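Q: The structure that follows is given in the form of structure tokens.
The values are calculated or read from the model by the stated rules, or taken from the named source; none is laboratory data. Remember, predicted model here, so these are calculated numbers, not experimental data. Here the Cβ is made from the backbone with ideal geometry for all residues, glycine too, and neighbour counts use every protein chain on show. Each accessible area value is taken on the protein alone, full model and side chains, heavy atoms only, with ligands, DNA and RNA left out. Shrake-Rupley method; radii C 1.70, N 1.55, O 1.52, S 1.80 Å.
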Amino acid sequence: MALKVAARGAIPPFIVMDVLRAANERAAGGETVHHLEVGQPGTKAPRRVIEAAKQALEADLIGYTDAFGIPPLRQGIAAHYRAQHGVELDPGRVVVTTGSSGGFLLTFLAAFDVGDRVALAAPGYPAYRNILSALGVEPVLLAAGAEQRFQPTPQLLDGVDGRLDGLIVASPSNPTGTMLRRGEMQELVNYCADRGMRLVSDEIYHGISYDWPAVSALELSADAVIINSFSKYYSMTGWRLGWMVVPDDLKRPIECLAQNLFISAPTLSQIAGITALDCRAELDEYVACYARNRALLLEELPKAGFENLAPADGAFYLYADVANLTNDSEAFCRRMLAETGVAATPGVDFDPDRGHHFLRFSFAGPEATMAAAAARLKTWLRSG
Ligand SMILES: Cc1ncc(COP(=O)(O)O)c(C=O)c1O
């Protein structure tokens with residue numbers, strides 16, 4: 001007799017992982033692969049972070065910590081908001097998490113009930129809608145286009161039928177890299193405040209921006225949940241370390257959930273994270289490398305035929321409208337990988353409805369990879 005499998009787990013896969021598998025198979029077969037699909041830095045954690053972790057392994061117990069994290073890390077994160085955003089923050093509102101992914105789970109569980117409805121822009125990071133769905137919360141997709149710079153707007157929210165309980169924003173966004181300016185973030189903060197909607201601000205790409213610094217929702221609201229991570233700017237994806245700044249009313253529910261779900265975030269990573277906060281000079285060199293990659297691709301991709309690129313204000317992605325080349329981005333990515341060795345992510349991962357004519361290129365890897373990939377794509381599309 002077949003045993004029961006809960007409907008809750010019937011959520012879509014993360015398609016980029018399928019692309020990654022195909023790319024790795026090709027590489028294992030001895031062929032060259034240019035990885036522009038994965039959204040992670042091609043660099044290690046800063047040198048001093050690795051040293052701090054080595055020392056902690058020798059000297060520390062590496063036991064459980066308080067569910068909200070070790071005090072020096074929470075204090076360091078509060079100091080980060082003073083230095084980077086001019087905000088005085090009580091370290092008691094800082095929650096250290098297992099990556100921002102752990103933060104999403106805690107936030108969605110604490111802030112929303114089954115049947116609630118939460119708005120978010122499409123295209124967007126797929127885990128938001130998939131985690132919400134798994135929890136019985138309805139993701140309400142706002143079809144944001146180039147006109148809205150792929151970000152939610154009060155007008156798009158006004159167009160939604162029925163009640164909304166929350167809004168998720170990401171600035172810089174994945175997959176587009178577009179950012180909300182202060183005034184735009186303020187409008188969304190006001191919209192949510194006027195209607196009793198919970199604002200969740202994913203700030204994981206903060207620190208990686210090219211023309212102006214990203215505004216934190218913390219500068220504008222004491223009710224928003226701020227989610228951040230050591231994965232991107234700090235180049236520490238596999239350390240599984242993130243943080244949140246939570247409003248007072250969610251503190252105790254999130255604490256009880258965190259105690260029961262995770263006990264604590266990885267202790268070794270928490271200790272190393274204290275040092276990471278202090279490595280901005282080294283990390284800004286990584287950002288300078290992303291800036292060079294971005295400039296190279298913005299110059300070369302249009303010559304290859306990828307003419308319609310979202311303005312990547314931050315993060316390390318270029319979201320290309322490829323309606324001139326295909327209306328099946330999955331098949332296009334497969335063929336591109338097979339014929340050029342360049343791996344990119346089909347837009348359907350980020351926008352199930354309109355992603356069929358979009359691709360995401362990640363420029364988080366080495367400069368030489370970007371140059372080689374652009375050269376291959378130029379030859380390919382010109383000859384095709
Ligand atoms: C927008 C966004 N949020 C959250 C995450 C999850 O990151 P982590 O759990 O490593 O902090 C990612 C990962 O790619 C992302 O792009």
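Q: Considering only the range 38-51, I want to know if a residue exists there that is part of a loop (DSSP other than H, G, I, E, B) and open to solvent by 70 Å² or more (accessible area, probe 1.4 Å). Quick ask: steps written out before the conclusion?
A: From the range 38-51, those part of a loop (DSSP other than H, G, I, E, B) are 38-46; that's our starting set.
Checking which are open to solvent by 70 Å² or more (accessible area, probe 1.4 Å) leaves us with 40, 44.
For the range 38-51, residues part of a loop (DSSP other than H, G, I, E, B) and open to solvent by 70 Å² or more (accessible area, probe 1.4 Å): present.
Q: Could you please let me know if Arg335 is over 17 Å from Tyr290 (Cβ atoms) and either touching a residue at least 60 places away in the same chain (Cβ under 8 Å) or away from the ligand (no atom under 16 Å from the Cβ) (or both)?
A: Numbers: over 17 Å from Tyr290 (Cβ atoms): yes; either touching a residue at least 60 places away in the same chain (Cβ under 8 Å) or away from the ligand (no atom under 16 Å from the Cβ) (or both): yes.
Yes: the conditions hold for Arg335.
Q: Could you list, in sequence order, all residues of the range 176-205 that are of a type in the set (Phe, Trp, Tyr) and touching a residue at least 40 places away in the same chain (Cβ under 8 Å)? Can you show your working first?
A: First, the residues of the range 176-205 that are of a type in the set (Phe, Trp, Tyr): 191, 205.
Matches in the range 176-205: Tyr205 only.
Q: Still on this structure, please answer the following. Going through the range 54-75 one residue at a time, which ones are crowded, with 18+ Cβ neighbours inside 10 Å and of a type in the set (Gly, Ala, Ser)? Please lay out each step first, then the result.
A: First pass over the range 54-75, keeping only residues crowded, with 18+ Cβ neighbours inside 10 Å: 56, 65, 67-70, 73-74.
Ala56, Ala67, Gly69 - these are the residues of the range 54-75 that are crowded, with 18+ Cβ neighbours inside 10 Å and of a type in the set (Gly, Ala, Ser).
Q: Please determine, by comparing only the residues of the range 17-37 that are open to solvent by less than 80 Å² (accessible area, probe 1.4 Å) and part of a helix (DSSP H, G or I), which one is nearest to the ligand (Cβ to nearest atom).
A: Just the residues of the range 17-37 that are open to solvent by less than 80 Å² (accessible area, probe 1.4 Å), to begin with: 18-20, 22-24, 26-27, 29-30, 32-37.
This time we only want the ones that are part of a helix (DSSP H, G or I), so: 18-20, 22-24, 26-27.
Values: Asp18: 16, Val19: 14, Leu20: 12, Ala22: 19, Ala23: 17, Asn24: 18, Arg26: 22, Ala27: 21 Å.
Ranking the candidates gives Leu20 first.
Q: Now a separate question. Given the options Glu219, Glu147, Glu203, Glu255, name the one that is under 16 Å from His85 (Cα atoms), of a type in the set (Asp, Glu) and out of contact with any helix residue (DSSP H, G or I) (no Cβ under 6 Å at 6 or more places or on another chain).
A: Values: Glu219 fails: out of contact with any helix residue (DSSP H, G or I) (no Cβ under 6 Å at 6 or more places or on another chain); Glu147 fails: under 16 Å from His85 (Cα atoms); Glu255 fails: under 16 Å from His85 (Cα atoms).
Residue meeting the stated conditions: Glu203.
Q: Further, regarding this structure: Hey, among the residues in the range 182-210 that are among the small types (Gly, Ala, Ser) and either under 22 Å from Thr107 (Cα atoms) or touching a strand residue (DSSP E or B) at 6+ places or on another chain (Cβ under 7 Å) (or both), which one's least open to solvent (accessible area, probe 1.4 Å)? Before you say what the answer is, go through the steps one by one.
A: Within the range 182-210, the subset among the small types (Gly, Ala, Ser) is 183, 193, 196, 201, 207, 209.
Keeping just the survivors that are either under 22 Å from Thr107 (Cα atoms) or touching a strand residue (DSSP E or B) at 6+ places or on another chain (Cβ under 7 Å) (or both) gives 193, 196, 201, 209.
Details: Ala193: 73, Gly196: 68, Ser201: 2, Ser209: 32 Å².
Taking the candidates together, the pick is Ser201.
Q: Within the range 142-181, work out how many residues are assigned to a loop (DSSP other than H, G, I, E, B), open to solvent by less than 10 Å² (accessible area, probe 1.4 Å) and among the β-branched types (Val, Ile, Thr).
A: 2
Q: So which of Ala10, Ala78, Ala83 ends up being under 23 Å from the mean Cα position of the chain (by Cα), open to solvent by 20 Å² or more (accessible area, probe 1.4 Å), within 30 Å of Ala222 (Cβ to Cβ) and away from the ligand (no atom under 16 Å from the Cβ)? Step through it out loud before you land on a result.
A: On the way: Ala10 fails: within 30 Å of Ala222 (Cβ to Cβ); Ala78 fails: open to solvent by 20 Å² or more (accessible area, probe 1.4 Å).
Within the list Ala10, Ala78, Ala83, the selection yields Ala83.
Q: When both residues are 6+ apart or on different chains and their Cβ atoms are under 9 Å apart, which pairs have a first residue that lies in the range 1-16 and is in a loop (DSSP other than H, G, I, E, B), and a second that is hydroxyl-bearing (Ser, Thr, Tyr)?
A: Note: pairs meeting the criteria are Ala10/Ser133; Ile11/Ser133; Pro12/Ser133.
Let's see how each residue does on (1) open to solvent by 10 Å² or more (accessible area, probe 1.4 Å); (2) of a type outside the set (Val, Ile, Thr); (3) not in a strand (DSSP E or B):
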position: Met336; (1), (2), (3): no, yes, yes
position: Val348; (1), (2), (3): yes, no, yes
position: Phe361; (1), (2), (3): no, yes, no
position: Gly365; (1), (2), (3): yes, yes, yes
position: Ala368; (1), (2), (3): yes, yes, yes
position: Ala372; (1), (2), (3): yes, yes, yes
position: Thr379; (1), (2), (3): yes, no, yes
